[in-house]
Amino acid sequence: MKNTYAEVLKLAEKYKPDMSRFLRDLIAIPSESCDEQKVVLRIKEEMEKVGFDKVEIDPMGNILGYIGQGKHLIAMDAHIDTVGVGNPENWQYDPYMGYEDDEIIIGRGASDQTGGMVSMVYAGKIIKDLGLEDDYTLVVVGSVQEEDCDGLCWQYIINEDKLRPEFVVITEPTDGKIYRGQRGRMEIKVTTKGVSCHGSAPERGDNAIYKMADILKELRALHENLQDHPFLGKGSLTVSEIFHTSPSRCAVADSCWISIDRRLTAGEDGELALNQIRNLPAVKVAGALVEMYTYERPAYTGLLYPTEAYFPTWLIEDGHPVCYTLEDAYKGLFETDPVVDKWTFSTNGVSIMGRYGIPCIGFGPGHEDQAHAPNERTWKKELVMAAAMYAVIPSVYVSKYAAQMPEDTKNLVE
């Protein structure tokens, strides 16, 4: 394999200008969640140009490019939607026109996570150029709506497209490391009710905002006392939104509700997190309603595929065959040992491994701290590294580790 690794690296470096151009093209197309059609069509054009065997767009709008026809089905995933720009004044460069020099590319989605899509497509070209097809079928997925509802796309792919790979490489940014898990998350709504009256005599009413004030203090204290885990880290919560209703600015508020972003570590699940809030004294005194949000927003194709806003934690063992696959590929290509770690944020793995038990492993160009940030950037050398990794992962797996795959992969957080 040593000669193969050298050839792969040489080709990946050769295609750096093509990858840079393709990434600039994708960044230039605004593609927030539920508005990804144009970027999907641009990806389809590039997949066909570099020689994918088959390219499909499913009814949800996910794009799936296939290489090979072997018995081992392997998937690689990049979500191709982005968040918005935020305050344009915080950007040094236009978020869509971007910026490029010899080392970096700047623009919305550069790290999170259009760069991963670019490296996957050119890994496909490297596989074709070098004849690295083996007894595997590789499906490269550009998934939609992840920023709105992580994992929803893969609920659809698994349940409706009937695609169930042996494992999935998540190409979210990993800072050059290999990631084998993440905390889960959920979106929680807490509502208090009151009675409105004229603001000149507030004692005649019942102010829902005041009821919420006591709950907010107790939520802040709850965050400090959530469970910890030596690898995944601590559970967390933050109040991310607050709303109210009132007849006017001259009236007592008759309802108030907040949104909570709850991150779940090992040993925590949705019911536990809801009950922790329901059992707060201020929640009980206020008679507040605590519930999970439901995501119900149609894809750009018009398809509506509702789900509850619960995204389970997942973690695979360090000695899992897919961990060894990526570690071997990394060491073979770069002649050094990789760092194995975990994501701080959430990925489509919440469905793939969290809901369905299909093992996930992460390696992607870009850095987590660039996600959703102004002047978001990625590094060209990481696009090259990732393309090389993606090109050799399937053959390393088939030749060394496919026979060692367990029938079921244990989620270590349960």
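The values are calculated or read from the model by the stated rules, or taken from the named source; none is laboratory data. All values reported here derive from a predicted model rather than from experimental measurement. Reconstructed Cβ throughout: ideal geometry from the backbone, glycine too, with neighbour counts over all protein chains shown. Quick note on the areas: whole protein, heavy atoms, side chains included, nothing else; ligands and nucleic acids left out. Shrake-Rupley method; radii C 1.70, N 1.55, O 1.52, S 1.80 Å.
Placing a label point 7 Å from the Cα of ASP101 along the Cα-to-Cβ direction, the residues of the range 4-35 whose backbone N falls under 19 Å from that point are 17, 20-21, 24.
Once the chain from LYS16 to LYS400 is taken as fully extended at 0.36 nm per residue, the excess over their C-alpha distance is 135.3 nm. Taking GluC sites (Glu not before Pro) across the range 35-119, the ones in a DSSP loop with at most 11 further Cβ atoms lying within 10 angstrom of their Cβ are GLU103. For LEU73, the residues 5 or more places off, or on other chains, whose built amide H falls under 5 Å of its own are THR137, GLU166.
Figure note: PHE363, PHE243 ranked by solvent-accessible area, largest first, 1.4 Å probe, ligands and nucleic acids not counted: PHE243, PHE363. Given +1 at the Cβ of Lys and Arg, -1 at the Cβ of Asp and Glu and no other charges, the dipole of the range 205-322 around its Cα centre is 420 debye to the nearest 20. Shown here is the pair-distance distribution of the range 174-238: with all Cα-Cα distances grouped in 10 Å bins from zero up to the longest one, the shares run 16, 30, 23, 16, 9, 5, 0 percent. Here the chain exposes an accessible surface that is 47 percent carbon and sulfur, computed with a 1.4 Å probe and the other protein chains kept in place. With a Förster radius of 51 Å applied to the beta-carbon distance between TYR356 and SER248, the computed FRET efficiency rounds to 0.55. Can you figure out the FRET efficiency of THR238 with LEU272, using R₀ = 22 Å and their beta-carbon distance, to the nearest 0.05? My answer for the efficiency is 0.80. Can you tell me how the range 160-275 classifies by the Cα gyration tensor, rounded, prolate or oblate, using a/c under 1.5 as the rounded cut? Prolate, since a/c reaches 1.5 and a/b exceeds b/c. For the charge dipole of the chain, defined by +1 on Lys and Arg C-beta atoms and -1 on Asp and Glu C-beta atoms about the Cα centroid, which residue among GLN182, ASN62, ILE106 has the Cα displaced farthest towards the positive pole? The residue sitting farthest along the positive end of the dipole is GLN182. Can you spot the lysines whose alpha carbon is less than 18 Å from LYS54's alpha carbon? Ignore those fewer than 8 places along the same chain. Filter leaves LYS44, LYS71, LYS125, LYS128, LYS162. Over the chain, accessible surface divided per residue gives 41 Å², non-protein components excluded, 1.4 Å probe. Taking label positions 7 Å along the Cα-Cβ direction at both SER259 and GLU160, the computed distance is 2.3 nm, reported to one decimal.
Its DSSP H runs of at least 4 residues, each contributing -39,500 (n - 2.57), put the calculated 222 nm mean residue ellipticity of the chain at -9500 deg cm²/dmol, to the nearest 500. Here's the picture: charge each Lys and Arg Cβ at +1 and each Asp and Glu Cβ at -1 in the chain, and of HIS320, SER119, ILE393 the one pushed furthest to the positive end of that dipole is HIS320. Compute the Cα gyration tensor for the range 327-414, then decide on rounded, prolate or oblate, letting a ≥ b ≥ c be the square roots of its eigenvalues: rounded whenever a/c is under 1.5, prolate when a/b is larger than b/c in the other cases, and oblate in all that remain. Note, shape of the range 327-414 comes out oblate. Here the Karplus curve 6.51 cos²θ - 1.76 cosθ + 1.60, taken at θ = phi - 60°, turns the phi angles of the range 202-207 into couplings of x, 5, 7, x, 9, 7 Hz, with x standing for Gly and Pro.
Across the chain, Cα-Cα pairs farther apart than 39 Å form 23% of the total.
The ellipsoid equivalent to the alpha-carbon distribution of the range 75-213 has semi-axes of 45, 23, 12 angstrom, derived from the gyration tensor eigenvalues as √(5λ) and listed largest first. Heavy-atom accessible area for HIS244, with the other protein chains in place and a 1.4 Å probe, reaches approximately 100 Å². Paramagnetic label reach from HIS198 (point 7 Å along Cα→Cβ; backbone nitrogen cut-off under 17 Å): within the range 234-256, residues 247-253. Once Rh for the range 265-325 is found with the Kirkwood sum over Cα pairs, what is the Stokes-Einstein diffusion coefficient at 4 °C and 1.567 mPa s, in µm²/s? Using the Kirkwood radius from Cα pairs, D works out to 85 µm²/s.
For the chain, the Cβ-based charge dipole about the Cα centre amounts to some 400 debye (Lys, Arg positive; Asp, Glu negative; other atoms uncharged).
The calculated FRET efficiency for ASN279 paired with LEU130, based on their beta-carbon distance and R0 = 45 Å, is about 0.15. Straightening the chain between ASN90 and TYR295 buys 70.8 nm, computed as 0.36 nm per residue apart minus the Cα-Cα spacing.
A crude spin-label estimate for the pair GLU414 and GLU308, with each label 7 Å from Cα along the Cβ direction, gives 1.7 nm.
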